[in-house]
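Values quoted throughout were computed directly from the atomic coordinates according to the rules given, and no laboratory measurement underlies them. These figures come from a predicted structure and were not determined experimentally. Using ideal geometry, Cβ is built from the backbone for each residue, glycine included, and neighbour counts are taken over all protein chains shown.
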Amino acid sequence: MKMAKPHMNLVVVGHVDHGKSTIVGRLLYESGAVRDEELRKYQELAKEFKIEGGEFAYIVDREKEERMRGMTIDIMHRPFETQKYFFTVIDAPGHRDFVKNMITGASQADAAILVVSARPGEGVQEQTKEHVFLIKVLGINQVIVAISKMDLGGYKKEVYEKLKEDALKLLKSVGYDISKIQVVPTAAQFGENIVKRSDKMSWYNGPTLVEALDMLQVPPRPVDKPLRIPIQDVYSITGVGTVPVGRVESGVLKVNDVVVFEPSGVKGEVKSIEMHHQNVPQAMPGDNIGFNVRGISKTDVRRGDVAGHPNNPPSVAKEFTAQIVVLQHPTVLAPGYTPVFHIHTATVAGRIEEIIAKIDPRTGQPSQEKPEFLKTGDVAKVRVVPLRPVVVEKQSDFPTLGKFAIRDMGMTVAAGIVLDVVKAK
């Protein structure tokens with residue numbers, strides 16, 4: 001039996017025109033996740049819509065409207081394999097869907113590819129900087145820089161060196177350890193340095209993009225931490241009973257365990273656990289499972305609840321302190337503002353009770369105590385009161401249960417991480 005490769009979630013960030021889709025498309029194609037005939041179909045469409053670098057971007061840009069604009073609008077989850085890992089790509093177009101999907105989707109990014117274009121006049125731009133702040137605040141600790149469109153930079157070493165310096169300076173300014181960051185010069189349109197080493201850039205002796213991906217480290221899977229399973233759905237199956245579905249984020253669930261669902265506090269006994277349509281005796285972090293619980297009905301549990309063991313139940317928050325980044329807001333955020341928080345699988349209205357301080361993102365230190373309001377681009381420490389009971393954990397204890405997006409007016413206005421929780425009695 002072949003051992004399954006470790007799974008990692010990858011997010012691709014950077015300026016909207018810098019060639020993210022082309023890089024993702026090429027990675028999928030070269031790793032065999034997209035076949036030749038599928039590619040040929042995209043080449044035809046690319047010609048029809050006259051898109052630069054069309055066919056690879058097409059692998060990612062599915063809808064006609066997106067093809068017409070040659071841009072990725074929707075997030076696409078496509079798996080591909082390297083020698084060492086099994087990756088799911090969360091492609092990140094502009095901010096809006098990026099954050100919502102990154103935080104509220106089942107996926108949490110373990111690493112990021114930051115794309116910076118070598119086309120003259122492009123390079124590190126404002127949006128590049130915003131994305132870098134974002135991945136840092138959201139706790140993504142591993143980054144690979146892909147310098148894209150090297151063909152348009154004449155495959156020149158000095159073009160690469162300049163962009164490498166700019167990118168590393170930016171990453172260092174927000175607190176990344178740049179000694180661990182690979183910067184790969186690529187021309188994804190022609191497959192240069194994606195999987196195959198490029199003979200057009202013989203001056204470069206570092207890893208190809210795929211080799212750099214294999215140098216990433218799998219984040220520790222928290223087996224020894226208390227059990228936490230955010231519930232995505234609940235089914236009532238005839239002859240079986242109530243079956244909550246979710247991903248085990250930490251700890252281990254075994255058949256015959258007693259589990260408690262918070263915030264409601266209902267308890268039941270686990271009769272069976274199913275994964276990929278097979279019954280299994282136990283489930284570990286990263287496993288997506290359905291589990292039949294005796295002693296509860298379908299109405300006792302809902303999406304957004306979190307299952308745990310009664311001796312260390314999930315934390316129901318009376319209030320919590322968080323660090324947020326305001327991504328976009330038409331006016332300003334002031335104390336009393338009550339948007340919707342998307343945290344793990346839960347959505348809950350929450351009031352920003354207090355803005356404790358504005359934070360300088362480069363140092364992480366407070367730059368202004370108790371500001372009256374926050375605007376787009378600000379990073380701040382805030383105190384939040386959820387309007388109904390919800391499970392919230394400190395990001396330092398349970399990373400995936402301590403990240404959230406703030407939505408309002410149909411957009412993601414902010415994103416953040418939980419620093420501390422005051423538990424409800």
Exercise. What pairs in Lys169/Lys370; Lys162/Lys200; Lys129/Lys149; Lys225/Lys370; Lys267/Lys381; Lys136/Lys375 have C-alpha atoms more than 27 Å from each other?
Worked result: Lys169/Lys370; Lys225/Lys370; Lys267/Lys381
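Evaluate the stretch 318-357: find the radius of gyration of its Cα atoms, find its Kirkwood radius, and give the ratio Rg to Rh.
Rounded to two decimals, Rg/Rh equals 0.93.
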For this session: Starting from the Cα of Lys162, step 7 Å along the direction of its Cβ; do the same at Asp420; then give the gap between the two resulting points in nm.
Result: 4.8
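With r as the distance between the Cβ atoms of Lys84 and Met409 and R0 = 41 Å, compute the FRET efficiency 1/(1 + (r/R0)^6) and round to 0.05.
Details: r = 42 Å, r/R0 = 1.04.
Approximately 0.45, to the nearest 0.05.
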Seminar exercise, completed: In units of 2.2 N^0.38 Å, the Cα radius of gyration of the stretch 341-383 is 1.31
Problem set entry | Residue order, fewest to most beta carbons within 10 Å, for His276, His15 | His276, His15
Exercise. Using the eigenvalues of the Cα gyration tensor, what equivalent ellipsoid semi-axes result for the stretch 229-308 when each is taken as the square root of five times the eigenvalue, whole Å, largest first?
Worked result: 16, 14, 11
Exercise. How big is the stretch 201-264 by Rg and Dmax over its Cα atoms, in Å?
Worked result: 20.5, 66
Exercise. Quick one: Karplus J couplings for the stretch 186-199, per residue in order, coefficients 6.51, -1.76, 1.60, θ = phi - 60°, nearest Hz, x for Gly and Pro?
Worked result: 9, 9, 4, 4, 10, x, 6, 6, 8, 10, 8, 5, 8, 8
Exercise. Taking 1 over the mean of 1/r across every pair of different Cα atoms in the stretch 130-226, what Kirkwood radius in Å do you get?
Worked result: 14.6
For this session: Go from 0 up to the bin containing the longest alpha carbon distance in the stretch 317-423, width 5 Å each, and give me the % of pairs per bin.
Result: 2, 14, 26, 28, 19, 9, 1
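Ordered by packing density, taken as the mean number of other Cβ atoms within 10 Å over each peptide's residues, highest first, how do 364-374, 414-424, 240-250 rank?
Values: 364-374: 13.6, 414-424: 19.7, 240-250: 21.4.
Per-residue Cβ counts within 10 Å, averaged per peptide and sorted highest first, yield 240-250, 414-424, 364-374.
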